[in-house]
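Please read the structure below before turning to the comments.
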Amino acid sequence: MVAALRWLGNRQDPPKALCFRHAASSLNGLRDMKTLLAKLEASGGVLSTAELVLAEERLRLATDAADIGWWDVEEGHGQLSWSPHVHAMFGVSADAPVTMDDFYDGLHPDDRERVAAFYAAAADPTRRALYDVEYRTIGKEDGVIRWVAAKGRGVFDESGRCQRVIGTARDITERMLAQEEKLARDRETAELREQFIAVLGHDLRNPLASVASGTRLLARQPERAVEIAGHIERSISRMSELIENILDFARGRLGGGFVTTRDSEKPLDPVLLQVIEEFRTMHPERDIATEIDFREPVQCDRQRMGQLLSNLLGNAFVYGAPAAPIQVQAFARQGQFELAVTNSGPTIEPADVERLFQPFFRGTVRGSREGLGLGLYICSEIAKAHGGTISVSSENGTTSFTLRMPTAV
């Protein structure tokens, strides 16, 4: 670096002092550094030895403070010099010697050709392009992938020969990762929005159409009022369930989370039994086997626990074999609460298992399934809100969803 500074300071027709300018512009308040740059250009590039030493010291301070590294290549493709910052960007020890081969080998394979083209244009006397490029590196010693923003300029003599290529480099990994995360979130949001509109438009329309059909039928056949009213009531209940799931999903996505009111003063088992009885009433043709054993109170939001069981039972009714019983087991003992819903039926594909608790995912088991695909997602959020987990096992024609959580906070 000293050699490059001295060469810059003694040239009659110096470049625009790219390294100085890039480092100084990266820090606010470095007026003395900018003043020195102006003096370098105004003097035709002639600085005293003392001024060169001062310039180098200020440049080092500036680049260290701004986490900017410098690099210097003699004759464009000769000896390579890196500051410790650049060594770190390539995952190389600060005192390790480096060559241009190390530079190219350290680039990510997908970026290597592009960076080489930018560098060649900067070192070419006929083009003298600005070297301004962002690329990834793969650490030679640590294997870590980093993002680097590099700027540089070729320096040429009167005959047009490239004397050297010099420049600066900054580690921009944090910024690039933040951008990638934002893009991923934006893509997820767009995908969820499309799914939300498509699924809601389909699933909410069905019970609404049933209500409309029922009211028209009721006007023509009032003698069937009791029967038709039952159908209308079930459709309204279905719409209420869909709307409640949508509200829960929206609250979770908007940062409000799932609000829980925990208490252990009232028992939980009557709530679970009520949910089971409601399903038995709506589906008298289906068999639900229960095993409930509470040896200690469960500190939880009882309404949310009822909602979780309702969602799991609804899932079992839709995907389970109609002729096989559905099993509900609930235990509270030794500080742990466990709730499991098991049904027989087609085994869930391994690829589907990984996505079951994602919003709007409804699997591939049955094409005539109902619902927004939010039930299992809401179950997992309720489990998290209680410090618990929900898991699924599906093999040999049996599928079981199990909630596990502590009985007390």
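Data for the structure
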{"item": "Region 291-307, residues that are surrounded by 16 or more Cβ atoms within 10 Å (Cβ to Cβ) and assigned to a helix (DSSP H, G or I)", "result": "ARG302, ARG304, MET305, GLY306, GLN307"}
{"item": "Odd one out for ARG251 among (1) modelled with pLDDT of 75 or more; (2) open to solvent by 60 Å² or more (accessible area, probe 1.4 Å); (3) among the basic types (Lys, Arg)", "result": "(1)"}
{"item": "Matching residues, region 94-116, being among the small types (Gly, Ala, Ser) and surrounded by 12 or more Cβ atoms within 10 Å (Cβ to Cβ)", "result": "ALA96, GLY106, ALA116"}
{"item": "Residue that is farthest from PRO325 (Cα to Cα) [pool: residues in region 261-277 that are polar (S, T, N, Q) and assigned to a loop (DSSP other than H, G, I, E, B)]", "result": "THR261"}
{"item": "Every residue from region 344-380 that is within 26 Å of ARG302 (Cβ to Cβ), in a helix (DSSP H, G or I) and either modelled with pLDDT of 85 or more or among the small types (Gly, Ala, Ser) (or both)", "result": "GLY375, LEU376, CYS379, SER380"}
{"item": "All positions within region 308-338 that are part of a helix (DSSP H, G or I), open to solvent by 20 Å² or more (accessible area, probe 1.4 Å) and of a type in the set (A, V, I, L, M)", "result": "VAL318"}
{"item": "Residues being more than 17 Å from the chain's Cα centre (by Cα), modelled with pLDDT under 75 and either open to solvent by less than 70 Å² (accessible area, probe 1.4 Å) or of a type in the set (Lys, Arg) (or both) - total across region 180-228", "result": "10"}
{"item": "Residue match in region 162-178 (condition: surrounded by fewer than 11 Cβ atoms within 10 Å (Cβ to Cβ) and acidic (Asp, Glu))", "result": "yes"}
{"item": "ASP95 assigned to a helix (DSSP H, G or I) and of a type outside the set (Gly, Ala, Ser)", "result": "no"}
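The values are calculated or read from the model by the stated rules, or taken from the named source; none is laboratory data. In this text, all values refer to a predicted model and were calculated from it rather than measured experimentally. Glycine also receives a Cβ, built like all others from the backbone with ideal geometry; neighbour counts cover every protein chain displayed. SASA here: full protein model, heavy atoms, side chains in, ligands and nucleic acids out. Shrake-Rupley method; radii C 1.70, N 1.55, O 1.52, S 1.80 Å.
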